[in-house]
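Written out below as structure tokens is the structure these notes cover.
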Amino acid sequence: MNLEDRIFKWFDERFKIKDLLTSVIKHPAPEYAATNPLYCLGGIAFLCFMILVTTGVFLAMYYKPTPLEAYKSVEHIMTVVPMGSLVRSIHHWAANTMIAAVMLHMMRIYFMGAYKKPRELNWVVGVTLLLITTTFGFSGYLLPWDQLAFWATKIGTGIAGSIPVIGEYISLILVGGTDIGAETMTRFFTIHVMILPITIAILLLLHFAMVRIQGISGRL
Amino acid sequence: MSLIEIEKHEIEEERPVRIRGLPFFPHFLLREVVVMCLIAGSLILMASLYPAGLLKPADPFDTPTPIYPEWYFLYVFGFLKFWTWDIGPLPAKVIGVTLPMVLWYGLLFMVPFIDRNPSSDIRKRKVAVALGIIAILGILYFTYFSIVHH
């Protein structure tokens, strides 16, 4: 018995991983899903998400979420930190690609009618994921604290603020005062790196679990 | 706990309905890995060719022009500019904000409950397909509108 088998056996005796592994490995995926490239879109969005988490963690190591330091720290990432410019640029491109992939994935589901019984709730979770993804984009837009970031956020929170009844509260919660400032930055930073990542992770788990239970919908 | 139950459920079920299936490993995973490499490669390429920009530091007393939001919010801006009509006591601005943000997302959430047609055959879903195309064209139009009428 070689070393790999012994390691496998050690874990199998404790966690019964053989049953788990075979159910994952042998789990059949329908042929149309493996051959049609349209079925890649959800996976592409998830790949982008993982790249965003990785690059985001590195960016957070250097970024300082205050109006005085934010711009300088982003400049520092772009010019001084080794590979900093590349990591930030990949974060930027992965974010845009993720939103495009989520939208195209949604169109695929819509036109193939894949949201029908029994998958209604997975569609609802999916629309929530789209909302969260765009909110990620919106909250990340402010963080570099350059002219575009500041003014786009000012207009964006202004628009959200003019929704009847709830708008006023949304705006107050987001901005944390009367004008975009230090409170807004820390709030957007918290939303971007804590609240949204936890929410999206839970919803993604639900999304995938439902696909697993109900199978991939199909037939063109 | 629940995940383990799912696995058992899947094993016990033994679906005779499935006609042609490929095992997840290696067939399905191989395609996923190939696509992942392509996308990761393209991201690195785009990031190297077109790095993320950084303008001048934020200045609350100097409004720059033009200010564009991210491309996926442009249609909201476009609709806000497009809608200039008051309806009764509702001012145009409130309608212009509420329709794309509240009503549009509300409709999206309700799609499976509005479309009760059980068929997933595209030829038997003419209304749903037509509405979907109208929605996409609408979003493209308002995106275009927001860029032109800046």
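Miscellaneous remarks
- Residue check for A:SER89: touching a helix residue (DSSP H, G or I) at 6+ places or on another chain (Cβ under 9 Å) and either at pLDDT below 95 or open to solvent by 30 Å² or more (accessible area, probe 1.4 Å) (or both): no
- Some residue of region A:132-140 being crowded, with 21+ Cβ neighbours inside 10 Å, closer than 30 Å to A:GLY215 by Cβ and in contact (Cβ under 8 Å) with a residue 40 or more places away in the chain: yes
- The residues listed here are B:LEU22, B:LEU43; of these, the one that is touching a Phe, Trp or Tyr at 6+ places or on another chain (Cβ under 8 Å), assigned to a helix (DSSP H, G or I), open to solvent by less than 70 Å² (accessible area, probe 1.4 Å) and not assigned by TED's automatic domain parsing to the domain that holds B:GLY138 is B:LEU43.
- Number of the condition not met by A:TRP123 [criteria: (1) open to solvent by 30 Å² or more (accessible area, probe 1.4 Å); (2) hydrophobic (A, V, I, L, M, F, W, C); (3) in a helix (DSSP H, G or I)]: (1)
- For A:ALA114, the criteria (1) farther than 27 Å from B:ILE67 by Cβ; (2) more than 10 Å from every other protein chain (Cβ to nearest Cβ); (3) of a type in the set (A, V, I, L, M, F, W, C) hold in every case but one, which is (2).
- Against the list (1) at the interface with another protein chain (Cβ under 9 Å from one of its Cβ atoms); (2) farther than 24 Å from B:LEU140 by Cα; (3) buried (at least 17 other Cβ atoms within 10 Å of the Cβ), the condition A:ALA209 fails is (3).
- Matching option when the condition is open to solvent by 30 Å² or more (accessible area, probe 1.4 Å), assigned to a helix (DSSP H, G or I), touching a helix residue (DSSP H, G or I) at 6+ places or on another chain (Cβ under 8 Å) and free of Cβ contacts under 8 Å to residues at least 24 places away in the same chain, among A:VAL24, A:VAL53, A:VAL57: A:VAL24
- Against the conditions (1) part of a helix (DSSP H, G or I); (2) open to solvent by 30 Å² or more (accessible area, probe 1.4 Å); (3) in contact with a helix residue (DSSP H, G or I) (Cβ under 8 Å, 6 or more places away or on another chain); (4) of a type in the set (A, V, I, L, M, F, W, C), B:LEU131 satisfies every one except (3).
- Failed criterion for A:GLY215 (all others in (1) open to solvent by less than 20 Å² (accessible area, probe 1.4 Å); (2) within 12 Å of chain B (Cβ to nearest Cβ); (3) free of Cβ contacts under 8 Å to residues at least 60 places away in the same chain hold): (3)
- One residue stands out among those in region B:64-80 that are outside any helix (DSSP H, G or I) and more than 8 Å from chain A (Cβ to nearest Cβ): the one that is most open to solvent (accessible area, probe 1.4 Å), which is B:THR65.
- Among the residues of this structure, A:THR153 does not count as one that is in contact (Cβ under 8 Å) with a residue 40 or more places away in the chain, out of contact with any strand residue (DSSP E or B) (no Cβ under 6 Å at 6 or more places or on another chain) and part of a helix (DSSP H, G or I).
- Here B:VAL102 meets the list (1) facing chain A (nearest Cβ under 7 Å); (2) of a type in the set (A, V, I, L, M, F, W, C); (3) part of a helix (DSSP H, G or I); (4) touching a helix residue (DSSP H, G or I) at 6+ places or on another chain (Cβ under 9 Å) almost entirely, failing just condition (4).
- When the criteria are applied in full, A:TRP145 fails the requirement of being facing chain B (nearest Cβ under 7 Å), buried (at least 17 other Cβ atoms within 10 Å of the Cβ) and free of Cβ contacts under 8 Å to residues at least 40 places away in the same chain.
- Complete set of residues in region A:68-86 that are open to solvent by 40 Å² or more (accessible area, probe 1.4 Å), within 9 Å of another protein chain (Cβ to nearest Cβ) and within 21 Å of A:SER139 (Cβ to Cβ): A:LYS72, A:GLU75, A:MET78
The values are calculated or read from the model by the stated rules, or taken from the named source; none is laboratory data. Given the structure is predicted, the values throughout are model-derived calculations rather than measurements. Positions of Cβ are generated from backbone atoms using ideal geometry, with glycine treated the same way; all protein chains shown enter the neighbour counts. What goes into the accessible areas is simple: the full protein's heavy atoms, side chains included, and nothing from ligands, DNA or RNA. Shrake-Rupley method; radii C 1.70, N 1.55, O 1.52, S 1.80 Å.
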